[in-house]
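Each remark here refers to the structure printed beneath this line.
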Amino acid sequence: MDLILHHYDASPFSEKVRIVFGMTGQAWSSVITPNMMPKPDLTPLTGGYRRAPVLQIGADIYCDSMVILDELQRRAPLPGDRGLAGLRGIGLWADRLFFQATVPVIFGELGHLTPKAFIADREKLSGRPFDVEAMAQAAGPMQIQWRGHAAWIDHALGDSPFLAGEAPGLADASAWMNIWWLKSALPETYDRLTAGLDRLEAWRRRMAGIGHGARTEITGTQALEAARSVRPADPPSHDPNDALGLSPGDPVVVMADDYGRDPISGTLVAARHSRLILARETPDLGRLHLHFPRVGYIAVPGKT
């Protein structure tokens, strides 16, 4: 079954997935989704979930880069990754603490160039003001924190070419996201904040040489047809001891706990310790299974 990634090229969370495709040499199809609403070829698949990236494998839809990497690791394990528990912790560090330092560093310098439509979209997504002036004021202190995060990577590398050892792994993909984003957006600022971190820079160059695997562009219409033409794959078994206390077939609502809290409703397929799968029956696409991580997402009984 083809791997279809709904993403946009400037998305740092999408880059984390693209570089894993490069590490594994996988072939994948690319659907470019807008960086703001509306997203007419994405939200019919996700029931309203709008964040990028989203991985589609037939009628199975994986929302959030954490569950995407989890699924890719299940299908094509990367060498050097010993168990996923620690790797998920590295992913949360990169997605939240490091990312929250990167945002004001970048938009503190580029915020005045940001289109008003993008600002309005991100305010709706986050539920709080996209305050360019505040980010400009915070940029200085956050640059110090950003260098601190980068120095952690430099130190962790030691004498190894990659965080995962002799070959790159999921830890490298997670750490790469914010390094790539700042280097792409503000190369001079990146060079200043990483001065003297020689192991980090050598690692960045190795990571940049990995590429993105075999990428083929397709249209959103083709992706929708790929979902329409198949049924979801057989799901994993449901954990009867799951703390949610629901059984397969019960109505459930899932939403992110940080931003982009659009509630997604469906019926429970399976609740596991690492992911929750809900089903949506749609008149146009038929039955879809949506996969969400447990950490970082809230699931509650009922319908929206």
Practice problem: For region 1-54, enumerate the residues that are of a type in the set (S, T, N, Q) and part of a loop (DSSP other than H, G, I, E, B). | Solution: S11, Q26, T33, N35
Quiz item: Here is a list of conditions, (1) at pLDDT below 95; (2) on the phi > 0 side of the Ramachandran plot; (3) buried (at least 22 other Cβ atoms within 10 Å of the Cβ), and G80 meets all of them except one; can you say which number that is?
Solution: (3)
Quiz item: Which members of region 237-253 meet the condition of being exposed (fewer than 12 other Cβ atoms within 10 Å of the Cβ) and touching a strand residue (DSSP E or B) at 6+ places or on another chain (Cβ under 6 Å)?
Solution: G249
Practice problem: Check region 51-69 and report whether any residue there is modelled with pLDDT under 95 and in contact with a Ser or Thr (Cβ under 6 Å, 6 or more places away or on another chain). | Solution: no
Self-check item: Checking D262 against (1) in a strand (DSSP E or B); (2) of a type outside the set (A, V, I, L, M, F, W, C); (3) surrounded by 14 or more Cβ atoms within 10 Å (Cβ to Cβ), the condition it does not meet
Solution: (1)
Quiz item: Name the residues in region 217-235 that are surrounded by 11 or more Cβ atoms within 10 Å (Cβ to Cβ) and within 26 Å of G25 (Cβ to Cβ), would you?
Solution: I218, T219, G220, Q222, A223, A226, A227, V230, A233
Quiz item: Name the pairs: first residue in region 95-109 and touching a residue at least 12 places away in the same chain (Cβ under 8 Å) and surrounded by fewer than 17 Cβ atoms within 10 Å (Cβ to Cβ), second residue outside any helix (DSSP H, G or I) and of a type in the set (D, E, K, R), Cβ to Cβ under 6 Å, at least 6 apart or on different chains?
Solution: none
Quiz item: How about region 96-188: which helices (runs of 4 or more DSSP H) wholly inside it have at least 3 residues that are in contact with a helix residue (DSSP H, G or I) (Cβ under 8 Å, 6 or more places away or on another chain) and under 22 Å from D258 (Cα atoms)?
Solution: 99-110, 132-157, 170-185
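The values are calculated or read from the model by the stated rules, or taken from the named source; none is laboratory data. In this text, all values refer to a predicted model and were calculated from it rather than measured experimentally. Cβ sites come from the backbone with ideal geometry, for glycine too, and all protein chains shown count toward neighbours.
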